[in-house]
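The structure appears below as structure tokens.
The values are calculated or read from the model by the stated rules, or taken from the named source; none is laboratory data. These numbers were taken from a predicted model, which means no experiment stands behind them. We place every Cβ from the backbone using ideal geometry, glycine too, and count neighbours over all the protein chains shown.
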Amino acid sequence: MVAAQISQQELADILGIEEQRVKEYEDTDYQCASFVEILEVSTALGVEFEIATVQVDFAEIEAVKKSVGKTSLVKVYRQNRMIDVLQEFSWS
């Protein structure tokens, strides 16, 4: 965050998340962040992408579907802020 001249707490406040989550991003070079989270951080810092790609591991998705069961933590966007919601569902 030094290059952006913004503290982890300031970024967390802008994103509406805990400072600890920003610290996790930084400590893992953003490897623990989802694609959407990276885009949110980039937007907050004023960084724009011309091209962005996402690699999807469909085998891993299927394995997670089987192990999760009926309850899952789902990211929901409300007023441009991400919140976690427990949602009941069944995989088709």
Q: Could you please find all residues in the range 43-91 being at pLDDT below 70 and of a type in the set (Ser, Thr, Tyr)?
A: 71, 72, 77, 90
(Q) Of all residues being assigned to a loop (DSSP other than H, G, I, E, B), more than 13 Å from the chain's Cα centre (by Cα) and surrounded by 13 or more Cβ atoms within 10 Å (Cβ to Cβ) in the range 1-39, which is modelled with the lowest pLDDT? Just the residue, please. (A) 1
Q.
Checking the condition surrounded by 10 or more Cβ atoms within 10 Å (Cβ to Cβ) and not aromatic (Phe, Trp, Tyr), which residue from 56, 64 passes?
A. 64
Q) Counting only residues that are in a loop (DSSP other than H, G, I, E, B) and of a type in the set (A, V, I, L, M, F, W, C), which one in the range 40-68 is nearest to the chain's Cα centre (by Cα)? A) 54
